[in-house]
Amino acid sequence: MPFSLDAFSLKGKVAIVTGAGARQRSIGAAYADGLCAAGAAVLVADLNGAGAEAVAKELAARGGTALGTQVDISDPASVQRMVEKANQAFGGIDILVNNAALMVELAYKPIIATPLEEWNRLMAVNVNGALLCSQAAVPYMRKRGGGRIINQVSGGAYPATSAYGISKLALVGITTTLARELGPDKITVNAIAPGNVASEAGKLSAPEAFLQMLRQTVALRPTGEPEELVGALLLLASPAGSWITGQVLHIDGGWVLRP
Ligand SMILES: NC(=O)c1ccc[n+]([C@@H]2O[C@H](COP(=O)([O-])OP(=O)(O)OC[C@H]3O[C@@H](n4cnc5c(N)ncnc54)[C@H](O)[C@@H]3O)[C@@H](O)[C@H]2O)c1
C-alpha cells in the first residue's frame with residue numbers, strides 16, 4: 001500500500017496530556033498544541049487546574065478541541081476522575097501522554113543525603129503517577145481496540161547524578177515492561193527523552209555547569225525548544241508509529257549517543 005501522510009493524522013482520536021498547565025511555556029502545552037493540530041481532542045490535566053484550563057482555552061481559541069482539568073497524578077481517585085472526564089467529554093481515550101513530573105521543584109541533593117520523605121514524594125509523582133494514569137487509561141484504550149502511551153523521561157536518566165534521574169530510569173523500565181504487557185492489546189508504549197529544553201522550568205533547572213557540559217558534548221545546539229519535541233510525539237501517537245513500541249526516542253540535539 002502506498003504511504004500516505006494521513007498516517008500522521010489524529011482526527012477522531014482522544015488524548016490526555018498530564019503536566020501541561022503550571023507554567024507559561026511548558027513542554028506539556030506544546031504537546032497538547034501538537035495533538036490538537038493533528039486533529040485530536042485533548043484533555044489538558046495538571047495539578048494546577050486553573051493553568052490547565054487556561055492552556056485548553058488558548059487551544060480552543062485557535063480552533064482546537066480541548067478541555068482543562070485538575071489532577072494529582074499521585075492520587076488514584078484523582079486520576080480516575082481525570083480519565084472519566086476525558087471519556088465523558090470526548091467519548092473514549094486513545095492516547096495518554098505521561099508528561100507531568102517534579103523537576104524544577106527539586107533542590108539537588110546527593111541520594112545518600114536525600115530524606116525518605118522527599119524520595120517518596122518524587123517517586124510517587126514521577127514513577128507511580130505515570131503507572132497510575134496508564135492503569136486508569138488502558139481499559140478505555142482496550143475498548144477502542146488499541147492505544148498509545150508516551151512517557152516523558154529525560155536524558156538526565158543516564159549520567160547517574162540525581163534522584164530525578166533515577167525516577168526517569170524507573171519510567172524507562174515501566175515503558176519497556178508495559179510495552180510487552182500491552183502489545184497483545186495493540187497498545188504501544190514508548191518514551192521521549194529530551195535533552196535540555198527551554199521551557200520555563202527547563203531554564204530554571206539548568207545550572208551553568210550543566211549547560212557548559214552540554215555545550216562541549218552535544219552534536220547540535222545544547223538547548224532545544226518545546227516545539228522541537230512535538231514531531232517525535234506525533235510519530236509515536238499516530239498510525240505512522242504503529243510498529244514502534246518499547247523504545248526511548250532521544251530528542252536532545254545529539255547528547256545521549258548510544259550504539
Ligand atoms: N525542560 C527540560 O529541560 C526537560 C528535560 C528533560 C525532561 N523534561 C521532562 O519534561 C516534562 C515537562 O517539563 P517542563 O519543562 O515542561 O516542566 P513543567 O514544570 O512546566 O511541567 C511539569 C508539570 O507537571 C505538573 N505536575 C507536577 N506534579 C504533578 C502532580 N502530582 N499531578 C499533576 N501534575 C503535576 C506541574 O504542575 C507542571 O505543570 C517533565 O516530565 C520533565 O521531567 C524536561
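Among helices (runs of 4 or more DSSP H) entirely within segment 174-259, having at least 1 residues that are within 13 Å of the ligand (Cβ to nearest atom) and surrounded by fewer than 16 Cβ atoms within 10 Å (Cβ to Cβ) singles out 200-204, 208-217.
What is the residue count in segment 114-126 for residues that are outside any loop (DSSP other than H, G, I, E, B) and either in contact with an Asp or Glu (Cβ under 7 Å, 6 or more places away or on another chain) or more than 19 Å from Ala20 (Cβ to Cβ) (or both)? Total satisfying the criteria: 9.
Arg81 meets all of the listed conditions (1) of a type in the set (Lys, Arg); (2) at pLDDT below 95; (3) within 13 Å of the ligand (Cβ to nearest atom) but one, namely (2). If you go through segment 127-154 and keep only what is buried (at least 19 other Cβ atoms within 10 Å of the Cβ), among the hydrophobic types (A, V, I, L, M, F, W, C) and either part of a helix (DSSP H, G or I) or touching a Phe, Trp or Tyr at 6+ places or on another chain (Cβ under 8 Å) (or both), you end up with Val127, Ala130, Leu132, Cys133, Ala136, Ala137, Val138, Met141. Would you confirm, using the coordinates I've provided, whether Ser78 is among the polar types (S, T, N, Q) and either touching a residue at least 60 places away in the same chain (Cβ under 8 Å) or buried (at least 23 other Cβ atoms within 10 Å of the Cβ) (or both)? For Ser78, the condition - among the polar types (S, T, N, Q) and either touching a residue at least 60 places away in the same chain (Cβ under 8 Å) or buried (at least 23 other Cβ atoms within 10 Å of the Cβ) (or both) - is not met.
The values are calculated or read from the model by the stated rules, or taken from the named source; none is laboratory data. Every value quoted in this text rests on a predicted model; they were computed, and no experiment measured them. No Cβ is skipped: glycine too gets one built from the backbone with ideal geometry, and neighbour counts run over all protein chains shown.
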